[in-house]
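Input: a single structure, listed below in structure tokens.
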Ligand code: DC
């Protein structure tokens, strides 16, 4: 791997997106949101009426949609078969279904392959759950972001209109349990990753700490 790869893993609401985009901007790197790819696959599965409770049905069809991710940290994009799905993939229907789709091994094989194609020669910040452990174990820097359940829920409910922090905390806890207990590539801290607890830090402080780690390793 010639170029720089920064792997940013952690549970939902730990600040991965804001930190990853900030770091990519500061260093002039590309940015890939792999969660958006799992969400895009989920949007397509829902559109097609595939039964979410039937992993074999999802596996059989997951090779069909063409998922294209734009990697500009100032305006990341996501399209499925030419349709801009940036808005729909953030809606509750997709959020509620994504863990089930992301647990299907064939979905992961397909999306990990796409992710490795995009990472290519590097110079990119990649956020997800299994980037340092599976997608890019040779990443230059691996960061595992955490934050208290309260802080994560509060950040998410501030981003989403119409939800309370309590409701968010419950929904996030459910998703985190599914994401970290699934059989294939569960959310876990990769070997060689640096854990960064962001509970008491501002976004700028977290970005500065990641930039310091990058400098130390390069
Ligand atoms: O980061 P996010 O909330 O947009 O991710 C959506 C879902 O996708 C999350 O519940 C777990 C799954 N995911 C995954 O399994 N592996 C990744 N690399 C990224 C996300």
Would the range 77-93 turn up any residue that is in contact with a helix residue (DSSP H, G or I) (Cβ under 6 Å, 6 or more places away or on another chain) and either exposed (fewer than 15 other Cβ atoms within 10 Å of the Cβ) or under 18 Å from residue 180 (Cα atoms) (or both)? no
Based on what the data block shows, is residue 26 more than 16 Å from the ligand (Cβ to nearest atom) and either farther than 23 Å from residue 139 by Cβ or in contact (Cβ under 8 Å) with a residue 60 or more places away in the chain (or both)? yes
Just the residues that are more than 10 Å from the chain's Cα centre (by Cα) and either over 13 Å from residue 118 (Cβ atoms) or part of a helix (DSSP H, G or I) (or both), please, taken from the range 21-34. 21, 22, 23, 24, 25, 26, 27, 28
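Where a number appears in this text, it was derived from the coordinates with a stated rule and is not lab data. Bear in mind the structure is a predicted one, so any value in this text is a computation, not a measurement. Positions of Cβ are backbone-derived with ideal geometry, glycine not excepted, and every protein chain shown enters the neighbour counts.
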